[in-house]
Amino acid sequence: MQQRLTPGTALLLAVPPLLWAGNAVVGRIVRDLVSPMTLNFIRWLLAFIVLLPFAASMISPKSPLWAHWKRFTVLGLLGIGCYNAFQYLALQTSTPVNVTLVGSSMPLWMLATGTLFFGAKITGRQLFGAAMSMAGVLLVLSRGHWEQLAALRLVPGDLYMMLATISWAFYSWLLSRTTEPAEARRDWASFLMAQMVFGLAWSATFAAGEWAVTDAHIDWGWPLAAALVFITLGPALLAYRCWGLGVERAGPQTAGFFSNLTPLFAALLSAAFLGEVPQWFHGAAFILIVGGIWVSSRR
């Protein structure tokens, strides 16, 4: 049941954008070391291995989650098979800045998907909050100079990121439409594993197709190994756990606004690891993004 946005829920929903910002940077760094579909498959294979000791009950034929295999097949396709595969594919030809810009349309896709397919109603407060949040994103991307937005050019990778964003919007709405028993959903490891079992099958299929029809490759080494450790433990396991809890508590419409924190976190990560000093527009963007979240989540 959707609840009022609390500080604890806000913290849960703020963790995934931070990890997603790091995921976009790492995905761009290793784009020459591994093919995108293969990267997605290896990532979720490692996540499966890490989570397996905590989700043994899911593997049992007696698990109550198997009765809902059709639902988890779709969740696995959208959230695991498609979203990250499209994002890594986008980073082959697009820059993290453009990918972030396209991904920042998430709140709008959340509202549109909920209205068109799930019978949700859009309020004026949500639209105003979306406008505030988007203004904050654009402020970061333009670095305080709006004319720089005119210099941005879309490439095929931006279309892939759009497909990734739409996939995640549907995933989040389906995630909030609970059909499995409440006690089964409370076992977070098994619930995530149920998605991962089917998602891993989807990602393996996509990776096999990549090796069959493209010049797929893997260049093993410490840089790729370190990247795999990060994207497995952070953007895969921890981010999905926090996002699932946050969507359950706040609802997909409110949760969608938190995705706009991703470009802000990307700017902060650049400041931390690249020595770039934060500028005034980072603070202004933070106020706009958080203000948009606050306005949209009020009742």
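Identification of helices (runs of 4 or more DSSP H) wholly contained in segment 40-108 with 2 or more residues that are farther than 21 Å from Leu237 by Cβ and at pLDDT 85 or above yields 69-75, 83-90.
Step by step: first the residues of segment 10-25, then only those that are within 14 Å of the chain's Cα centre (by Cα) and more than 13 Å from Ser259 (Cβ to Cβ), then the one that is modelled with the lowest pLDDT. Which residue is that? Walk me through it before giving the result.
From segment 10-25, those within 14 Å of the chain's Cα centre (by Cα) are 12-25; that's our starting set.
Those still in the list that are more than 13 Å from Ser259 (Cβ to Cβ) too: 12, 22, 25.
On the way: Leu12: 88, Gly22: 87, Val25: 81.
Looking at residues that are within 14 Å of the chain's Cα centre (by Cα) and more than 13 Å from Ser259 (Cβ to Cβ), I get Val25.
For segment 193-251, a residue qualifies if it is charged (D, E, K, R) and within 19 Å of Val74 (Cα to Cα), and the qualifying residues are Arg241, Glu248. Of the residues screened, Gly114 is one that is in a helix (DSSP H, G or I), modelled with pLDDT under 90, touching a Phe, Trp or Tyr at 6+ places or on another chain (Cβ under 7 Å) and not charged (D, E, K, R).
For segment 166-259, the helices (runs of 4 or more DSSP H) that sit wholly inside it and include 2 or more residues that are within 18 Å of the chain's Cα centre (by Cα) and surrounded by fewer than 18 Cβ atoms within 10 Å (Cβ to Cβ) are 222-231.
The values are calculated or read from the model by the stated rules, or taken from the named source; none is laboratory data. Keep in mind it's a predicted model, so treat the numbers as computed, not measured. For neighbour counting, all protein chains shown are included, and Cβ atoms are generated from backbone atoms with ideal geometry for every residue, glycine included.
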